[in-house]
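The values are calculated or read from the model by the stated rules, or taken from the named source; none is laboratory data. Everything quoted here is computed from the prediction, not taken from an experiment. Cβ atoms come from the backbone with ideal geometry, glycine included; neighbour counts cover every protein chain shown.
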């Protein structure tokens, strides 16, 4: 992978420009981050706070050089609901989340003991490229579903993002997501798609309903093992982020450090009563679109998340953003991620005339996109996590064909 400067001169932004770039990342992650607590019964404002705090903790542990944002993890939705139903107390579920985060530390130790070179050999470009494609394509049905609620609005958003990126110059070309959201919002107002009652009912300030965790072996057994699958997703996300930025984060700050950061961020979220955290592909998509890789912008978004957790009125404004607006943005962001996977294969000059390369990529794509799953007890491997396992094993077992 070609090393490139992480922070280019024209990306050294301050003041209102820095705020807009951070706000753009906040808007990108907002919908998914609050959806998880809404589905599980946790407090969305707590989720915002813990997402911001977890992101800052991650940046601290990794030396502040990996431009990622950590938001609510969808992988833990089912076990949280199961624990809630069986124990009738969400505090036990958050206790399980605390332990799930600590599981990451065990994997970090294994990676540190094995060494970076051995880990890298498990993830050559023929494995990582299709994995990155899967991240984008498996999310694409969600984008289409949201956009299909009103294709007119979604189309306005897409066209605005394209025109902003192509026609505008300088700083204004770096915030196409915000322009797209504003244009979609403006079109949605006369169409009656904006629910203003949410604004009227919300107060200006509120304190999130923080909750101390409780620990129960039943809840821990349901929730903690999910980390085994999400660790594989973490590896895929860090690989994608590095491919976008042009850095090998496996070497610096090291995969073991990113695992520790992700795990402790998840444990921190559980301690405050929030959902588990994970690195967000939505924000990686923003990086690919804007080419602004400064990690400080992501930390700015984290501070915004923590602040808005207490500003109920501003949070209400964000909740009024219509679904097709987010869908239009997602159509581009998720597609950008898939494109990065293709770029990874092209840059590595992968020869698909070789049967091994063709077979490995085919297995990863079909397993990851086709919805295959493997369940062992309470642990379920599916999507990216299962595709990564299949890809590693296939690349290891399938021999090279001799000429």
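Structure values in brief
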| item | result |
| --- | --- |
| Selection status of residue 152, at pLDDT 80 or above, under 20 Å from residue 179 (Cα atoms) and surrounded by fewer than 21 Cβ atoms within 10 Å (Cβ to Cβ) | yes |
| Cβ-Cβ under 9 Å pairs, at least 6 apart or on other chains, segment 268-289 side without any contact (Cβ under 8 Å) to a residue 12 or more places away in the chain, far side surrounded by fewer than 24 Cβ atoms within 10 Å (Cβ to Cβ) | none |
| Candidate set: segment 106-117, residues that are under 23 Å from the mean Cα position of the chain (by Cα) and buried (at least 16 other Cβ atoms within 10 Å of the Cβ); chosen: the one farthest from residue 254 (Cα to Cα) | 107 |
| Every residue from segment 105-118 that is more than 19 Å from residue 386 (Cβ to Cβ) and touching a residue at least 40 places away in the same chain (Cβ under 8 Å) | 105, 108, 109, 111, 112, 116 |
| Given (1) buried (at least 18 other Cβ atoms within 10 Å of the Cβ); (2) in a helix (DSSP H, G or I), number of the condition residue 211 does not satisfy | (2) |
| Test: residue 234 is in contact with a strand residue (DSSP E or B) (Cβ under 9 Å, 6 or more places away or on another chain) and modelled with pLDDT under 90 | yes |
| Residue among 398, 342, 326, 364 that is within 17 Å of the chain's Cα centre (by Cα), at pLDDT 80 or above and either over 30 Å from residue 221 (Cβ atoms) or buried (at least 20 other Cβ atoms within 10 Å of the Cβ) (or both) | 326 |
| Meets criteria (at pLDDT 85 or above, surrounded by fewer than 22 Cβ atoms within 10 Å (Cβ to Cβ) and on the phi < 0 side of the Ramachandran plot) for residue 205 | no |
| Residue 2 vs. criteria assigned to a loop (DSSP other than H, G, I, E, B), modelled with pLDDT of 80 or more and within 30 Å of residue 346 (Cα to Cα) | no |
| Search result, residues across segment 269-308 that are assigned to a loop (DSSP other than H, G, I, E, B), over 18 Å from the mean Cα position of the chain (by Cα) and at pLDDT below 90 | none |
| Options 48, 90: the member that is touching a residue at least 24 places away in the same chain (Cβ under 8 Å), over 20 Å from the mean Cα position of the chain (by Cα) and over 11 Å from residue 276 (Cβ atoms) | 90 |
| Flag if residue 352 is within 27 Å of residue 156 (Cβ to Cβ), free of Cβ contacts under 8 Å to residues at least 60 places away in the same chain and either surrounded by fewer than 24 Cβ atoms within 10 Å (Cβ to Cβ) or in contact with a strand residue (DSSP E or B) (Cβ under 7 Å, 6 or more places away or on another chain) (or both) | no |
| Those residues of segment 118-149 which are under 27 Å from residue 348 (Cβ atoms) and surrounded by fewer than 15 Cβ atoms within 10 Å (Cβ to Cβ), in sequence order | 118, 120, 121 |
| Checklist (1) in contact with a helix residue (DSSP H, G or I) (Cβ under 7 Å, 6 or more places away or on another chain); (2) farther than 19 Å from residue 249 by Cβ applied to residue 170, failing item | (1) |
| Positions within segment 358-372 being free of Cβ contacts under 8 Å to residues at least 40 places away in the same chain, in a helix (DSSP H, G or I) and in contact with a helix residue (DSSP H, G or I) (Cβ under 9 Å, 6 or more places away or on another chain), in sequence order | 359, 362, 363, 366, 367 |
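Yes/no matrix, rows are residues, columns are (1) touching a residue at least 24 places away in the same chain (Cβ under 8 Å); (2) over 30 Å from residue 199 (Cα atoms); (3) in contact with a helix residue (DSSP H, G or I) (Cβ under 7 Å, 6 or more places away or on another chain):
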position: 323; (1), (2), (3): yes, no, yes
position: 332; (1), (2), (3): yes, no, yes
position: 347; (1), (2), (3): yes, yes, no
position: 356; (1), (2), (3): yes, yes, no
position: 374; (1), (2), (3): no, yes, yes
position: 382; (1), (2), (3): yes, yes, no
position: 395; (1), (2), (3): yes, yes, yes
